[in-house]
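Just so it is clear, none of the values below were taken in a lab; they were calculated from the coordinates. Since we're looking at a predicted model, the values are computed, not measured. Cβ: placed from backbone, ideal geometry, glycine included. Neighbour counts: every protein chain shown.
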Amino acid sequence: MARVTRGFKSRKRRNKILKRAKGFFGSRSKMYKAAYNAVMHAQMDAYIGRKLRKRDMRKLWITRINAAARLNQISYSKLMGGLKKAGIDLNRKVLSDIAIEDPAGFAAIVSQARG
């Protein structure tokens, strides 16, 4: 039997990793073994980062809503509780956009949450 090295498939697999490691420092972008480890760690960090970004955005929206609510003499927690009791289903992203873009509209929402 002839010896089969599977050159094409192996090279293709290696090149795929090296292509993803492009721009990494030193041997992490040149040598397969170092590049493989670097790419795997980068993928894990990217996965974690996608989750953290969602968390950070929610924190930002809450901070913006709280600042706008306090300008209307109400705390964030009382505002959110009042909105729930009033049956106003606006998520935090939309509320924060309204607070920034339309302060008068946000004041109207706050007055409904109070009553």
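Okay, here's what the table says:
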read-out	value
Count - residues of segment 1-58 that are loosely packed, with under 11 Cβ neighbours inside 10 Å, under 30 Å from residue 94 (Cα atoms) and among the basic types (Lys, Arg)	5
Candidate set: segment 63-87, residues that are under 24 Å from the mean Cα position of the chain (by Cα), of a type outside the set (D, E, K, R) and under 14 Å from residue 106 (Cα atoms); chosen: the one surrounded by the fewest Cβ atoms within 10 Å (Cβ to Cβ)	67
Pairs where the first residue, in segment 73-94, is of a type outside the set (Lys, Arg) and the second is part of a helix (DSSP H, G or I) and surrounded by fewer than 10 Cβ atoms within 10 Å (Cβ to Cβ), C-beta under 9 Å, 6+ apart	none
